[in-house]
Amino acid sequence: MQSQITIRPAVEADFQAIARITVDSYLAAGYFDSADHPYMQQIQDVAARAAKATIWVAERDRQVVGSVTLALAGEPFADIALPDELEFRMLVVDPAVQRSGAGKAMVEAIIAHAKSLEGIAGVALTTGGTWESAHGLYRKTGFKRVPERDWLIPGTDIKLLVYRLDVQST
């Protein structure tokens, strides 16, 4: 039986593992051809990201196995968040332990956190058009496509897809 996954805020001691897992998962998924790509260089600077956004890690047996970045509208790492949304980005799980529940545990923790925030009615995210395993996770956890909010990465023809989950209790 797999041991339990803990979701907690990242600390400086986690930054190296977060950078490695982010690069490994993006390369393993084929999102980028090289860790030298400018965006890959940017996302490896976890300290700079942590200075401007909230980063959480998924931990199993005291090992960081995943991470995610959270942002509210108007914050530097918010790409698409509306004023009443929590956005998450760069949800990654170490390729060595993918499909072990870490991604789902992070998404469930994000949803629970969003429900606890005053004025937040939904959780939004952007994902690549061909990232099928991610799409499956988001659909499984209740997210719905919002195609009218899809957008192109500036300076490219790469279309990103938007998903949203309503977290307001009815």
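The values are calculated or read from the model by the stated rules, or taken from the named source; none is laboratory data. Quantities reported herein were computed from a predicted structural model and do not represent experimental measurements. Every residue, glycine among them, receives a Cβ derived from its backbone with ideal geometry; neighbour counts consider all protein chains shown. Heavy atoms of the whole protein, side chains included, go into the accessibility calculation; ligands, DNA and RNA do not. Shrake-Rupley method; radii C 1.70, N 1.55, O 1.52, S 1.80 Å.
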- Task: Return the only residue of LEU161, LEU125, LEU117 being open to solvent by 20 Å² or more (accessible area, probe 1.4 Å) and closer than 17 Å to MET90 by Cα.
- Result: LEU161
- Boolean, SER25 is part of a helix (DSSP H, G or I) and open to solvent by less than 60 Å² (accessible area, probe 1.4 Å): yes
- Item | So SER100, is it polar (S, T, N, Q), more than 21 Å from TYR39 (Cβ to Cβ) and at pLDDT below 95 | yes
- Could you list, in sequence order, all residues of region 39-83 that are open to solvent by less than 20 Å² (accessible area, probe 1.4 Å) and not aliphatic (A, V, I, L, M)? ARG49, GLY66, SER67, THR69
- For region 128-145, name all the residues that are among the small types (Gly, Ala, Ser), open to solvent by 20 Å² or more (accessible area, probe 1.4 Å) and part of a helix (DSSP H, G or I). SER133, GLY136
- Query: Can you tell me which residue in region 10-22 is nearest to TRP131 (Cα to Cα), limited to those that are part of a helix (DSSP H, G or I) and open to solvent by less than 80 Å² (accessible area, probe 1.4 Å)?
  - Reply: THR22
- Message: Can you say whether ALA112 is surrounded by 15 or more Cβ atoms within 10 Å (Cβ to Cβ), among the small types (Gly, Ala, Ser) and within 16 Å of VAL68 (Cα to Cα), as far as the supplied structure shows?
- Response: no
- Qualifying position, being over 14 Å from the mean Cα position of the chain (by Cα) and among the acidic types (Asp, Glu), among GLU118, GLU87, GLU108: GLU118
- Kindly establish whether VAL123 is touching a residue at least 60 places away in the same chain (Cβ under 8 Å), assigned to a strand (DSSP E or B) and under 17 Å from the mean Cα position of the chain (by Cα). no
